[in-house]
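Sharing a structure, written as structure tokens. Questions coming.
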There are 2 protein chains.
Amino acid sequence: MNHETSRFAALISALQSRFGDRASTARPLREQHGKGESWHPIDAPDAVVFPQSTEEVAQIVALCAEHRTPIIPFGAGTSLEGQVNAVAGGICVDLSQMNKIVAVHVDDLDCTVQPGVMRKQLNAYLRDQGLFFPIDPGAECTIGGMVATRASGTNAVRYGTMRENVLGLTVVLPSGEVVKTGGRARKSAAGYDLTRLIVGSEGTLGIVTEITLRLFGISEATAAATVGFETVESAVDTVIAVIQSGISVARIELMDEVSVDAVNKFAKLNLPLKPTLFLEFHGSASGVKEQAEAVGEIASSNGGAEFVWADKTEDRTKLWEARHNAYYAGLALRPNAKGLVTDVCVPISALARCIAETKADLKACSMPAPLLGHVGDGNFHVCFIIDPGEPAELHEAERLHDRMVARAQAAGGTCTGEHGIGLGKKSHLASEAGAGVAVMKAIKAAIDPLGIMNPGKMF
Amino acid sequence: MNHETSRFAALISALQSRFGDRASTARPLREQHGKGESWHPIDAPDAVVFPQSTEEVAQIVALCAEHRTPIIPFGAGTSLEGQVNAVAGGICVDLSQMNKIVAVHVDDLDCTVQPGVMRKQLNAYLRDQGLFFPIDPGAECTIGGMVATRASGTNAVRYGTMRENVLGLTVVLPSGEVVKTGGRARKSAAGYDLTRLIVGSEGTLGIVTEITLRLFGISEATAAATVGFETVESAVDTVIAVIQSGISVARIELMDEVSVDAVNKFAKLNLPLKPTLFLEFHGSASGVKEQAEAVGEIASSNGGAEFVWADKTEDRTKLWEARHNAYYAGLALRPNAKGLVTDVCVPISALARCIAETKADLKACSMPAPLLGHVGDGNFHVCFIIDPGEPAELHEAERLHDRMVARAQAAGGTCTGEHGIGLGKKSHLASEAGAGVAVMKAIKAAIDPLGIMNPGKMF
């Protein structure tokens, strides 16, 4: 152990001599970097380093490789499955100082950013140029974190997820070597798709230091509305019919009555306490009108109320902020609560049944558990609002969560639409991917033979 | 060598006792399986086997692994970079008898098919259900082959490529083990994206035996038109403006005057001998009208002629068949010719310059060389119509091809938008992916340690 300790001291010393104040072992800083936003307890890293360039990341990684020390990439700390917990100790690489927008190519509808760029920062920067980046997981997260977890969110039903919208990456491999994947062409058939191998790899294959993203023009017209239903079933039936009819809605989000209650209180809204769809339409003025009318007819035939339109930009912003804060609104239902949040995704034909069976489970649940989701993709969440001091609640939430996952997998769906595996879903990945897990592990071993990149996650 | 020969005889004998007539060493059959549609000379495999199930594929692969013998997956033999050539001999696995449509889930807009299903077969099957599969590389190819090369084609500008439209796969690994990747959910954050690792891997990581695809509803209205321009530049400028304005055209294809001449002759059309855009619009009746008017204005402001509409379904079919047969139309320009066809893809802002510089090169070219492409993606082809008996022509075509690739890569583009690497572009992959090639090779070695899956391709 002494030997280990002196090796480790040598690494810390090397990092501090190279990075000065940007390499710290201060306990509060380490603890702050030891967890995301989920219920998982803190696993603090041994040090936190703040690089400012790809070269600096490569130097940190090479030093850690030399000392066989775990490396945990860190963005904004908003992950929900324990992805940033330093379960084996090691060096946290906080990328928040790499927050430059490197290039925007307006004519090509793409941009290149550093991983610490925040989603809202990017869109604020793009707005004047008439462009936006649609992927929108709600949390105020970094683009690098969104790459790591293959993030998605409210606009995915129309614009896709990080899988579809990352064109290329710069990645520091576990050896310290730098590779560029993909490029700026819209498509390529040149070799293995390393870009999509890294997207969703949760920091286990390398550290992403530059990201080239697809962008979209801000549409000529935008319209947003809410519509309440008497039952969750009729709301979900509306979603299914909209998707099956091919109407290209930009957003179609469900909140059950528990979620609506939570956001009413948190965001000071006055939505009727009913299962509610949040909708947004993008297109030309006439296209938006046509889409809204078609969806309105479907909603009405399923017993939906009149659309309540958010006409002004500020009303629309308020509406979507409320939706985005639903997780925090849920947490605010109980003092000092933590969230255990599930994230299943199923084929759309199975959505009504999966949600109905989940709601039946939740009726008997002893804690608040709002249900909401990106239902246009078949993706929905339940946030169990647990008291971390009550192990029985965690146990109950995990049991209901397991039932949701098993149901989704049996329907041909997945244990996670967008939150990833991290610490929380390792057993669910195993049941879902089967023999594929051995292939993933073989790839991991080939790229990270020392096993130093974010160890203990995913497998 | 005797030892090798007897090992090999034992393999053939095992295959024939297991598969009877479905394992053949007949020379004409082997030669027929020794090349795709490109200029590359035949490299015949030692035997051809026709499996009918995943289990049979797994048995063949396990036998070949036991005998350390190369395996070459084969679909319809339409690849353009030598992907099916048996450069190290071995066993060709012809998947044409695995041509069942396993399931169509109309409500989920997805289907599962065997790899030998043909693109047109699938769409004929889907039509009555109001659905279609948009990826459309022109050739009458198999879905399995399209997975292998990450195929794309005329509709990709709106619907994406195989990368975006494969939801899940069943794959026989080089060990003979069977894995399922992905699933039927629209999105997933569960582990490494093995689906997209296999898509585009050109049979070097395993044999795909089932494919789950996204489908789309046939749109309420469809309209197709051609429009001629005085110069290639003005046609390309039109495309760039259309893409940048965010109009969601379904197809926007360029043919230069040489291509138009070739298809006029081959398909008995009477298109004016001018650089021409082939367009298609999908949507609601009013949406199609709106799109067509917007594109018409852009074309007109770039000096385009009036749109010539293909109003009837049969006219539209004829138009697109002519476009799809452009490769064969080019070959028909010279008796006994072969095609060396390039396939670069660039950011749209670089498209006009790359095409102009290419056309300047082609002016001095001694052989016919039609230029055409899926220009909405920034993807374009030149088909050098070479006399295979004249090495000087191959040399000249390769020199001009190299210039096109270098130009595309310098612009942030790629050496291949959709044809893949195969034998023809190994050096171009190396220059494009750089250190990424070592990562690809490490993945290859991890999944195929014996190096038996389609050896000699890609690297």
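Among the residues of region A:92-103, is any more than 29 Å from A:His401 (Cβ to Cβ) and either modelled with pLDDT under 95 or part of a helix (DSSP H, G or I) (or both)?
No, that holds for no residue.
Let's see how each residue does on (1) within 14 Å of chain A (Cβ to nearest Cβ); (2) buried (at least 24 other Cβ atoms within 10 Å of the Cβ); (3) part of a loop (DSSP other than H, G, I, E, B):
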position	(1), (2), (3)
B:Ala189	yes, yes, yes
B:Arg196	yes, yes, no
B:Gly203	yes, yes, yes
B:Ala225	no, no, no
B:Thr238	no, yes, no
B:Val258	no, no, no
B:Leu271	no, no, yes
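Answer yes or no: is there a residue in region B:280-293 that is within 14 Å of chain A (Cβ to nearest Cβ), crowded, with 24+ Cβ neighbours inside 10 Å, touching a Lys or Arg at 6+ places or on another chain (Cβ under 9 Å) and at pLDDT 95 or above.
So far as region B:280-293 goes, yes, one or more of its residues are within 14 Å of chain A (Cβ to nearest Cβ), crowded, with 24+ Cβ neighbours inside 10 Å, touching a Lys or Arg at 6+ places or on another chain (Cβ under 9 Å) and at pLDDT 95 or above.
Test each condition in (1) outside any loop (DSSP other than H, G, I, E, B); (2) more than 20 Å from A:Gly339 (Cα to Cα) for A:His428 and report the one that comes out false.
Of everything listed in (1) outside any loop (DSSP other than H, G, I, E, B); (2) more than 20 Å from A:Gly339 (Cα to Cα), A:His428 misses just condition (2).
For region A:412-425: of the residues being more than 7 Å from chain B (Cβ to nearest Cβ) and touching a Gly at 6+ places or on another chain (Cβ under 9 Å), which is surrounded by the fewest Cβ atoms within 10 Å (Cβ to Cβ)?
It comes out as A:Leu423.
Could you check, for region B:363-382, whether at least one of its residues is touching a residue at least 24 places away in the same chain (Cβ under 8 Å), part of a helix (DSSP H, G or I), within 21 Å of the chain's Cα centre (by Cα) and surrounded by fewer than 19 Cβ atoms within 10 Å (Cβ to Cβ)?
no
Among the residues of region B:51-58, is any outside any helix (DSSP H, G or I) and either surrounded by 15 or more Cβ atoms within 10 Å (Cβ to Cβ) or in the same structural domain as B:Gln121 (by TED's automatic domain parsing) (or both)?
Checked region B:51-58: at least one residue is outside any helix (DSSP H, G or I) and either surrounded by 15 or more Cβ atoms within 10 Å (Cβ to Cβ) or in the same structural domain as B:Gln121 (by TED's automatic domain parsing) (or both).
Under 9 Å between Cβ atoms, at least 6 apart or on separate chains: pull out the pairs that start in region A:303-316 with a residue that is part of a loop (DSSP other than H, G, I, E, B) and end on any residue that is of a type in the set (Phe, Trp, Tyr) and surrounded by 10 or more Cβ atoms within 10 Å (Cβ to Cβ).
Once the first residue is part of a loop (DSSP other than H, G, I, E, B) and sits in region A:303-316, its partners that are of a type in the set (Phe, Trp, Tyr) and surrounded by 10 or more Cβ atoms within 10 Å (Cβ to Cβ) give A:Gly303/A:Phe229; A:Gly304/A:Phe229; A:Ala305/A:Phe229.
One residue is enough: does region B:92-114 have a residue meeting the conditions in contact with a helix residue (DSSP H, G or I) (Cβ under 8 Å, 6 or more places away or on another chain), more than 14 Å from chain A (Cβ to nearest Cβ) and among the basic types (Lys, Arg)?
No, region B:92-114 contains no residue that is in contact with a helix residue (DSSP H, G or I) (Cβ under 8 Å, 6 or more places away or on another chain), more than 14 Å from chain A (Cβ to nearest Cβ) and among the basic types (Lys, Arg).
Sticking with this structure for a sec: Filter region A:439-459 down to residues that are in contact (Cβ under 8 Å) with a residue 12 or more places away in the chain, in a helix (DSSP H, G or I) and either of a type in the set (A, V, I, L, M, F, W, C) or surrounded by 24 or more Cβ atoms within 10 Å (Cβ to Cβ) (or both), then give me how many there are.
3
Also: In region B:118-158, what residues are outside any helix (DSSP H, G or I), more than 11 Å from every other protein chain (Cβ to nearest Cβ), hydrophobic (A, V, I, L, M, F, W, C) and in contact (Cβ under 8 Å) with a residue 60 or more places away in the chain?
Scanning region B:118-158 gives B:Phe132, B:Phe133, B:Ala139, B:Cys141.
Let me spell it out: the conditions are (1) facing another protein chain (nearest Cβ under 7 Å); (2) within 30 Å of B:Asp107 (Cα to Cα); (3) touching a residue at least 40 places away in the same chain (Cβ under 8 Å), and A:Gly436 meets all of them except one. Which number is the exception?
(3)
Against the conditions (1) more than 19 Å from B:Arg22 (Cα to Cα); (2) not assigned by TED's automatic domain parsing to the domain that holds B:Leu15, where does B:Leu80 fall short? Just the number, please.
With (1) more than 19 Å from B:Arg22 (Cα to Cα); (2) not assigned by TED's automatic domain parsing to the domain that holds B:Leu15 applied to B:Leu80, the lone miss is (2).
Are any residues in region B:5-40 at pLDDT below 95 and under 29 Å from B:Ile421 (Cβ atoms), and if so, which ones?
Passing the criteria: B:Phe8, B:Glu37, B:Ser38, B:Trp39, B:His40.
So A:Glu164 clears everything in (1) closer than 20 Å to B:Gly246 by Cβ; (2) without any contact (Cβ under 8 Å) to a residue 40 or more places away in the chain; (3) under 15 Å from the mean Cα position of the chain (by Cα) except one condition, right? Which one?
Looking at each condition in turn, A:Glu164 falls short on (2).
Among the residues of region B:339-353, write down those that are within 11 Å of chain A (Cβ to nearest Cβ) and part of a helix (DSSP H, G or I). Before you say what the answer is, go through the steps one by one.
First, pick out the residues of region B:339-353 that are within 11 Å of chain A (Cβ to nearest Cβ): B:343-352.
Within region B:339-353, B:Ile348, B:Ser349, B:Ala350, B:Leu351, B:Ala352 qualify.
Can you name the residue in region A:159-173 that is in a strand (DSSP E or B) and of a type in the set (Val, Ile, Thr) and, of all such residues, is nearest to the other protein chains (Cβ to nearest Cβ)?
Among those that are in a strand (DSSP E or B) and of a type in the set (Val, Ile, Thr), it is A:Val171.
Does at least one position in region B:98-109 carry a residue that is aliphatic (A, V, I, L, M), in contact with a Lys or Arg (Cβ under 7 Å, 6 or more places away or on another chain) and surrounded by fewer than 24 Cβ atoms within 10 Å (Cβ to Cβ)?
Yes: one or more hits.
Among the residues that make up region B:303-323, is at least one of them closer than 21 Å to B:His40 by Cα, modelled with pLDDT of 95 or more, touching a helix residue (DSSP H, G or I) at 6+ places or on another chain (Cβ under 6 Å) and surrounded by 14 or more Cβ atoms within 10 Å (Cβ to Cβ)? Before the answer, list the steps.
Step one: list which residues in region B:303-323 are closer than 21 Å to B:His40 by Cα, which gives none.
Scanning region B:303-323 turns up no residue that is closer than 21 Å to B:His40 by Cα, modelled with pLDDT of 95 or more, touching a helix residue (DSSP H, G or I) at 6+ places or on another chain (Cβ under 6 Å) and surrounded by 14 or more Cβ atoms within 10 Å (Cβ to Cβ).
Please specify each residue of region A:59-77 satisfying the condition of being farther than 14 Å from A:Arg22 by Cβ, of a type in the set (A, V, I, L, M, F, W, C) and outside any strand (DSSP E or B).
Applying the first criterion (farther than 14 Å from A:Arg22 by Cβ) to region A:59-77 yields A:61-62, A:64-73, A:75-77.
Narrowing the set further to residues that are of a type in the set (A, V, I, L, M, F, W, C) leaves A:61-62, A:64-65, A:71-72, A:76.
Selection gives A:Val61, A:Ala62, A:Cys64, A:Ala65, A:Ala76.
The values are calculated or read from the model by the stated rules, or taken from the named source; none is laboratory data. Quick caveat, the model's predicted, so the values are computed rather than measured. Here Cβ is always computed from backbone atoms with ideal geometry, including for glycine, and neighbour counts include all displayed protein chains.
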